[in-house]
Amino acid sequence: MSKVLVTGGAGFIGSNLVDNLITGGDQVIVVDDLSMGLATNLPKSQQIKFYQKSITNHEFMKELLLREKFDYIYLLAAVASVADSVERPYETHQINQEANIYILEIIRKYHLKIKKLLFSSSAAIYGSNSELPKKENSIVDPLTPYAIDKFSTERFVIDCGKLYGIPTVAVRFFNVYGPRQNPKSPYSGVLSLISQAIIHRSTFTIFGDGTQTRDFVFVDDVVQAIVLLTKESEIVHQVFNVGSGEHVSLLQVINAYEIIAGVSLRIVNRPQRVGDIKNSYADIDKLMEVGYKPIFDISKGLKLYWESLKD
Ligand code: UD2
């Protein structure tokens, strides 16, 4: 049994990870301010302790880290909306970078003996680089406060990990989707917005002509990847893309979803969003070399997602 900290553990990816850890017998401590997450996302279990706190609360985080002596730490808490980071660059920086550096600092200063710390970065760091598929050593071009914070924290986590002998790893998520994705903001993941439109029989807006492509990766595959990277002690101070390794257009995804849900979406077309990337998909060879094997293709993943929404 390991003791694990998951920041952002009540959120979309975090709560799916927590399910997996609980099943594996771990003791899990969740820190989440519920800005996007929901307490009801967490399974009812003696193995979980939940703190509704912001990771920017230094006093709380320091006390928690010194008291609990974690084996593994997953840094998933973030303001995930790129648009929000453009509106509030300083505030989102406190969460997306500063709070994470503080956690590293406590580990360094107090010589905490963790087995692995994983930081979740994003495909956003590749910015306008049009190279496809994106490799971990492709040129990065972070264009927004969100992407800048993700990239610099990634570097901190990896290079300070090396410098101070802290076992760390970072991952760059592509377009993650699946149960518990929150459709609350217009900048939420497109598949959560399409789901909403299907459920409420409302219109769905396609920005652009719908031929833009994305690497949609089902959340269970993401959980598989991040658990593998933390538990494998040999893997340190590296960054990995986390995607499905496949890419589909928005129109193809909509079509597949319509068949699964048995409905026809009412679609409105609007001009392409400013800064929208035309094509994005991950080269996942590096991740596959260490044992990752994506299990859910888009139609399998969409079916499971749709089932979870019907429940
Ligand atoms: C994703 C991430 C973002 C960042 C980026 C990196 C999500 C939610 N966002 O942005 O955080 O990491 O990748 O490249 O995972 N769309 C519509 N109608 C809608 C909503 C979206 O047509 O109502 C389009 C949108 O313009 C885009 C595509 O669908 O072309 C996917 O949009 P998204 O917001 O799900 O994800 P993305 O790739 O812009």
- Message: Straight-line reach only, C-alpha to C-alpha below 16 angstrom: list the aspartates and glutamates that Lys49 could link to, leaving out same-chain residues fewer than 8 apart.
- Response: Asp19, Asp26, Asp32, Asp33, Glu63, Glu68, Asp71
- Message: Distance between the C-alpha centers of region 48-94 and region 167-189? Whole Å please.
- Response: 16
- Note on the structure: antiparallel share of DSSP beta bridges within the chain, to nearest 5, in %, is 5
- Note on the structure: Whole-Hz Karplus couplings 3J(HN,Hα) for region 241-258, θ = phi - 60° and coefficients 6.51, -1.76, 1.60, Gly and Pro as x, run 5, 10, x, 9, x, 10, 9, 9, 7, 4, 4, 5, 5, 4, 4, 4, 5, 4
- Item | Per residue accessible area in Å² of the chain, where ligands, DNA and RNA are left out and the probe is 1.4 Å | 45
- Holding the Cα-Cα limit at 22 Å, pick out from Lys150/Lys286; Lys231/Lys300; Lys62/Lys116; Lys44/Lys303; Lys184/Lys286 the pairs that are longer than that. Lys231/Lys300; Lys44/Lys303; Lys184/Lys286
- Message: Accessible area of region 152-308 with a 1.4 Å probe: how many percent of it is carbon plus sulfur?
- Response: 53
- Treating the beta-carbon of each Lys and Arg as +1 and of each Asp and Glu as -1, no other charges, what is the dipole magnitude of region 166-224 about its Cα centre, to the nearest 20 debye? 220
- Message: Once you keep just the Cα pairs under 8 angstrom separated by 6 or more residues, what percentage relative contact order results for region 1-147?
- Response: 23
- What's the carbon and sulfur percent of region 25-94's accessible surface, probe 1.4 angstrom, rounded to a whole number? 52
- Query: What is the dipole size for region 1-73, taken about its Cα centre, with +1 at each Lys and Arg Cβ and -1 at each Asp and Glu Cβ, in debye to the nearest 20?
  - Reply: 140
- With contacts defined as alpha carbon pairs under 8 Å and 6 or more residues apart, what's the relative contact order of the chain in percent? 17
- Between the helical axis of 190-200 and the dominant principal axis of the chain, each derived from Cα atoms, what acute angle in degrees is found, rounded to the nearest 10? 60
- Message: Give me, ordered by chain and number, the residues 5 or more places off Phe204 or on other chains with an amide H under 5 Å from its own placed amide H.
- Response: Arg266, Ile267, Val268
- Task: Tell me which residues come under 5 Å, amide H to amide H, from Ser121 once H is placed; ignore anything under 5 positions away on its chain.
- Result: Val171, Arg172, Phe173
- Message: Using a 1.4 angstrom probe on the protein heavy atoms only, could you order Lys53, Lys162 from most to least accessible area?
- Response: Lys162, Lys53
- Message: Per DSSP helix of 4 or more residues, -39500 (n - 2.57); summed, then divided by the residues of the chain. What does that give at 222 nm, rounded to the nearest 500?
- Response: -10500 deg cm²/dmol
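The values are calculated or read from the model by the stated rules, or taken from the named source; none is laboratory data. Nothing here was measured: the structure is a model prediction, and the numbers come from that model. No Cβ is skipped: glycine too gets one built from the backbone with ideal geometry, and neighbour counts run over all protein chains shown. All accessible areas refer to the heavy atoms of the entire protein, side chains included, with ligands and DNA or RNA removed. Shrake-Rupley method; radii C 1.70, N 1.55, O 1.52, S 1.80 Å.
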